[in-house]
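To start, the structure itself, in structure tokens.
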């Protein structure tokens, strides 16, 4: 369902629209990312963040207090951008305004930063799954679309049939970290044996890491040794 909708929208955009900068909409000469050189420099890059959870840090340190005291189940998190304009606008348009074709653009930006910082590549990508009720309502899973584009750009397999969200949960936008963890507990399950040692969980936005942490816990209980989290943006 999500792949058919995305494929049609992406093909229409490629054939009918000239390649324009994602931000200023002027003609974009770059082939490896969707922004012109000037707009690329103005993107909300993460400057200093925790090496494990990706949370922005005020001080020049490697890990936040939360990860030192109670580290998440995943080993590291890479989110190159803060969840600020224009990145936040593109992600919102992708998720809520029925623009699945934007998955290609944000994946290009993420892939560029992964290459720039020489992030160690996993054996496979696992997108954060949606519950079937949310998937039917939206028509696609934005994390799956981003992961598929990322897989093409980095030549990595994408495993969409490994983890499922079998229990619907409440919206988490206004929940505390403790509430999020309780809300997500036992909401994911492993569908099949993964037989991989190093994977990256792919999401559009990482906030507290509760969702990806719950998935990482399941993966590690079933033999995965090293779990990365890759997101386009991290909230402050």
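The values are calculated or read from the model by the stated rules, or taken from the named source; none is laboratory data. No experiment lies behind these values; they were computed from the predicted model shown. Heads up, the Cβs are rebuilt from the backbone with ideal geometry, glycines too, and the neighbour counts pull from every protein chain shown.
Scan 24, 77, 35 and give me the residue that is under 30 Å from residue 217 (Cβ atoms), outside any helix (DSSP H, G or I), at pLDDT 90 or above and in contact with a helix residue (DSSP H, G or I) (Cβ under 8 Å, 6 or more places away or on another chain). Break it down into steps so the answer makes sense when it comes.
Details: 24 fails: under 30 Å from residue 217 (Cβ atoms); 35 fails: under 30 Å from residue 217 (Cβ atoms).
Only one candidate passes the filter, namely 77.
Would you point out the residue of the range 31-72, among those that are closer than 17 Å to residue 116 by Cβ and surrounded by fewer than 15 Cβ atoms within 10 Å (Cβ to Cβ), that is farthest from the chain's Cα centre (by Cα)?
37
May I ask you to say which residue of 119, 126, 146 is within 11 Å of the chain's Cα centre (by Cα) and either surrounded by fewer than 17 Cβ atoms within 10 Å (Cβ to Cβ) or over 21 Å from residue 22 (Cβ atoms) (or both)?
On the way: 119 fails: within 11 Å of the chain's Cα centre (by Cα); 146 fails: either surrounded by fewer than 17 Cβ atoms within 10 Å (Cβ to Cβ) or over 21 Å from residue 22 (Cβ atoms) (or both).
Within the list 119, 126, 146, the selection yields 126.
Of all residues in the range 211-225, how many are assigned to a helix (DSSP H, G or I) and either surrounded by fewer than 21 Cβ atoms within 10 Å (Cβ to Cβ) or in contact with a strand residue (DSSP E or B) (Cβ under 8 Å, 6 or more places away or on another chain) (or both)?
Initial filter on the range 211-225 (assigned to a helix (DSSP H, G or I)): 211-221.
From what is left, the residues that are either surrounded by fewer than 21 Cβ atoms within 10 Å (Cβ to Cβ) or in contact with a strand residue (DSSP E or B) (Cβ under 8 Å, 6 or more places away or on another chain) (or both) are 211-212, 214-221.
Within the range 211-225, residues that are assigned to a helix (DSSP H, G or I) and either surrounded by fewer than 21 Cβ atoms within 10 Å (Cβ to Cβ) or in contact with a strand residue (DSSP E or B) (Cβ under 8 Å, 6 or more places away or on another chain) (or both) number 10.
Kindly indicate the residue of the range 129-143 that is more than 19 Å from residue 77 (Cα to Cα) and in contact with a helix residue (DSSP H, G or I) (Cβ under 6 Å, 6 or more places away or on another chain) and also surrounded by the most Cβ atoms within 10 Å (Cβ to Cβ) among those meeting that condition. Quick ask: steps written out before the conclusion?
We begin by selecting, within the range 129-143, every residue more than 19 Å from residue 77 (Cα to Cα); these are 130-141.
The next check asks that each one be in contact with a helix residue (DSSP H, G or I) (Cβ under 6 Å, 6 or more places away or on another chain); those that pass are 139-141.
Details: 139: 13, 140: 21, 141: 25.
Among those residues, the one meeting the criterion is 141.
Residue by residue, here is whether (1) assigned to a loop (DSSP other than H, G, I, E, B); (2) at pLDDT 95 or above; (3) touching a helix residue (DSSP H, G or I) at 6+ places or on another chain (Cβ under 6 Å) holds:
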residue: 189; (1), (2), (3): no, no, no
residue: 193; (1), (2), (3): yes, no, no
residue: 208; (1), (2), (3): yes, no, yes
residue: 227; (1), (2), (3): no, yes, yes
residue: 230; (1), (2), (3): no, yes, no
residue: 236; (1), (2), (3): yes, no, no
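Examine the range 93-102 for a residue that is over 13 Å from the mean Cα position of the chain (by Cα) and within 17 Å of residue 234 (Cβ to Cβ), and state whether such a residue exists.
Within the range 93-102 (the criterion being over 13 Å from the mean Cα position of the chain (by Cα) and within 17 Å of residue 234 (Cβ to Cβ)), the answer is no, since none of the residues qualifies.
Of 151, 54, which residue is under 18 Å from residue 201 (Cβ atoms) and in a loop (DSSP other than H, G, I, E, B)?
Values: 151 fails: in a loop (DSSP other than H, G, I, E, B).
Just one listed residue meets the conditions, 54.
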